[in-house]
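The values are calculated or read from the model by the stated rules, or taken from the named source; none is laboratory data. Treat the numbers as computed from the prediction; the structure is a model and nothing was measured. Note: ideal-geometry Cβ built from the backbone for every residue, glycine included; neighbour counts use all protein chains shown.
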Amino acid sequence: MYVPKNFEINDDEKIISFIKKYNFGVMITYYDDEFRTTHLPMVYKKEEDGEYLYGHMAIANDHWKIAKNRKTLCVFDGPHHYISPKWYNISESVPTWDYSTVHVQGIFELLDLGENVTILKEMLHFYLIDNDMQERMEEGYFKNMSNGVKAFRIKIEQKICKFKMSQNRSVADRIKIIENLRKIRSQDANNVADMIEKEME
């Protein structure tokens, strides 16, 4: 990924926080002269022997067969929005797009049946909001579910983070961008405005 210095994020705590917040990503593996992609949620975990992304996919999706023991890329995208040249103080400016993303590279590892059940439990409890449903989930529920999925983990080798949040513009320009994003009154626009403000701190 092309990352100019202005947009490069090296704060590991900030990168991990981003992955946890925007954890629905795209997993990409190159095999036999083509790319295989799967959209799915992944959970970040730091363990004694390194950092991992955990997840699962349907057995019918043969991506898990292709990815086994291969280098895999996972992309996590955060807030993004169109930035109009009208929002700058210099009229000759061009339109652009502000966005945030983290690319994670690592080795894809399949987990065994016992780990399959454990990961399913952890992921469902991580995402589940309905406490009543959580109480009704018995061991058999997870075992039955595990029959139709393959759990995996990706041992992280590299994390690259890019926050393109108008850092190449003047403070005056960024203030105007924030003001105009707020006027749009959309969640996407507000999220980008928030990120620009944080990168100005």
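Collect the residues in region 89-111 that are under 28 Å from residue 64 (Cβ atoms) and either aliphatic (A, V, I, L, M) or at pLDDT below 80 (or both), keeping them in residue-number order. Even if it seems obvious, please write down each step before you answer.
Taking region 89-111 as the starting set, the residues that turn out to be under 28 Å from residue 64 (Cβ atoms) are 101-111.
The answer is 102, 104, 107, 110, 111.
In region 183-201, which residue that is assigned to a helix (DSSP H, G or I) and among the polar types (S, T, N, Q) is surrounded by the fewest Cβ atoms within 10 Å (Cβ to Cβ)? Before the answer, list the steps.
Step one: of region 183-201, the residues assigned to a helix (DSSP H, G or I) are 183-184, 187-200.
Then keep just the ones that are among the polar types (S, T, N, Q); that gives 187, 190-191.
Details: 187: 9, 190: 16, 191: 16.
Going through the qualifying residues, I end up with 187.
Select from region 55-65 the residues that are modelled with pLDDT of 95 or more and crowded, with 16+ Cβ neighbours inside 10 Å and list them in ascending order.
Passing the criteria: 63, 64.
Got a sec? Which of 75, 43 is touching a His at 6+ places or on another chain (Cβ under 9 Å) and on the phi < 0 side of the Ramachandran plot? I'd like the intermediate steps shown before the answer.
On the way: 43 fails: touching a His at 6+ places or on another chain (Cβ under 9 Å).
From the options 75, 43, the qualifying one is 75.
Taking region 142-201, which residues are at pLDDT below 95 and β-branched (Val, Ile, Thr)?
Result: 149, single match.
Check residue 87 against each of (1) touching a strand residue (DSSP E or B) at 6+ places or on another chain (Cβ under 7 Å); (2) of a type outside the set (D, E, K, R); (3) surrounded by 14 or more Cβ atoms within 10 Å (Cβ to Cβ) and name the one condition it does not meet.
Unmet for residue 87, out of (1) touching a strand residue (DSSP E or B) at 6+ places or on another chain (Cβ under 7 Å); (2) of a type outside the set (D, E, K, R); (3) surrounded by 14 or more Cβ atoms within 10 Å (Cβ to Cβ): (1).
Return the residue satisfying two criteria in turn: it lies in region 146-182 and is assigned to a strand (DSSP E or B) and of a type in the set (A, V, I, L, M), and of such residues it is nearest to residue 120 (Cα to Cα). Show your work before the answer.
So the first thing to find is which residues in region 146-182 are assigned to a strand (DSSP E or B), and the list is 149-164.
Restricting the remaining residues to those that are of a type in the set (A, V, I, L, M) gives 149, 151, 154, 156, 160.
Values: 149: 9, 151: 8, 154: 16, 156: 20, 160: 27 Å.
Out of the qualifying residues, it is 151.
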